[in-house]
1. With bins 10 Å wide starting at 0, give me the P(r) of the chain over every alpha carbon pair, in whole percents.
2. For labels at Arg86 and Met250 in the simple 7 Å Cα→Cβ model, what's the distance in nm?
3. Viscosity 1.567 mPa s, temperature 4 °C: give me the Stokes-Einstein translational D for segment 187-265 in µm²/s, with Rh taken as the Kirkwood radius over C-alpha pairs.
4. To the nearest 10 degrees, how steeply does helix 194-206 sit against the main Cα axis of the chain, on a 0 to 90 scale?
5. Compare Ala110, Ala24, Ala41 in a GNM of the chain, Cα atoms joined below 10 Å, and give the one with the largest fluctuation.
6. Could you identify which residue out of Trp145, Trp184, Trp101 has the top mean-square fluctuation in a GNM of the chain using Cα springs shorter than 10 Å?
7. In what sequence, highest mean first, do 191-203, 230-242 appear when ranked by Cβ atoms within 10 angstrom?
8. Run through all the Cα pairs of segment 149-203 and give the fraction in each 10 Å bin from 0, expressed as whole percent.
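The values are calculated or read from the model by the stated rules, or taken from the named source; none is laboratory data. This structure is a prediction, so every number in the text was calculated from the model and none was measured. Neighbour counts run over all protein chains shown; Cβ positions are idealised from the backbone, glycine included. In case anyone asks, the SASA skips ligands and DNA or RNA and just uses the protein heavy atoms, side chains included. Shrake-Rupley method; radii C 1.70, N 1.55, O 1.52, S 1.80 Å.
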Amino acid sequence: MAEESARVSVEVRDHVAHVTLTRADKMNAVDKHMLAAVIAAAKEVAASDARAVVLSGAGKSFCAGLDVMSFAAMGQMQDTGWIMDRTEGEANDFQAVAMMWRALEIPVIAALQGATFGAGLQIALGADIRIAAPDAKLAVMEMKWGLVPDMGGMALLPQLVRSDVLRLLTYSATPIEATQAETWGLVTEVAEDPLARAEALAAEIAGKGPRAIRAAKRLIAYAESGASTADVLLRESEEQAALIGKPEQMEVVMANMQKRAPVFK
């Protein structure tokens, strides 16, 4: 547990969970302890009163990818059961570090700087929104090691980029600049101080109706799932019916009319 606690910190302030990868001396490279720590952090956030999450990496890089020593050790293993085992719902542990953020009921905003490669990129892909520093470099790095993206990348990347861009990134393993990543849809926006921007956005979201924000995330996920138009329209109505006229929504209306911040129980 000591190793895990040295990898990730979680602090909830004013209904915003600040989750930080804290292995700065290794560019937040992912080893087995980081895997366990990220999964534990997602579960801790899910059990908290947080209404939004800021996911960041300490030091010069968000996450430079898989720890080289861990990679070397895994490459010598003949038994691939650890890849095939579904340890967290539909995912194995490697996939869970990305997919658990997407599965959270609340929005997750990733602040990216420096190297965001391989495992690091896929963790960031689990966020709803990605804010990148101008110096950020992003790469689907697995092909450099003769592998394919296997940490949720193929579940998440096709929602963000065109097929030809996905193929280029995957086949070449070439890092791209933040501005190119924004153009291609890998990042939401570029900001001089991505952490400050992410924290401001998370605070803004945390001030919205918590039930409405959760409903919006569910609805967006459902709309992106390939459901029929009729089913999406029906789900819109169902989510709205559960919100409209209820105490939280009425408090939002009153707060707007009285030009004050809403107060949620």
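1. P(r) for the chain, in whole percents per bin: 7, 29, 35, 21, 8, 1, 0.
2. Between Arg86 and Met250, the label points sit 4.3 nm apart.
3. On the way: Rh = 14.7 Å.
Rounded, D is 88 µm²/s.
4. So the inclination is approximately 30 degrees.
5. Top of the fluctuation ranking is Ala24.
6. Maximum among the listed residues: Trp145.
7. 191-203, 230-242
8. 21, 47, 27, 5
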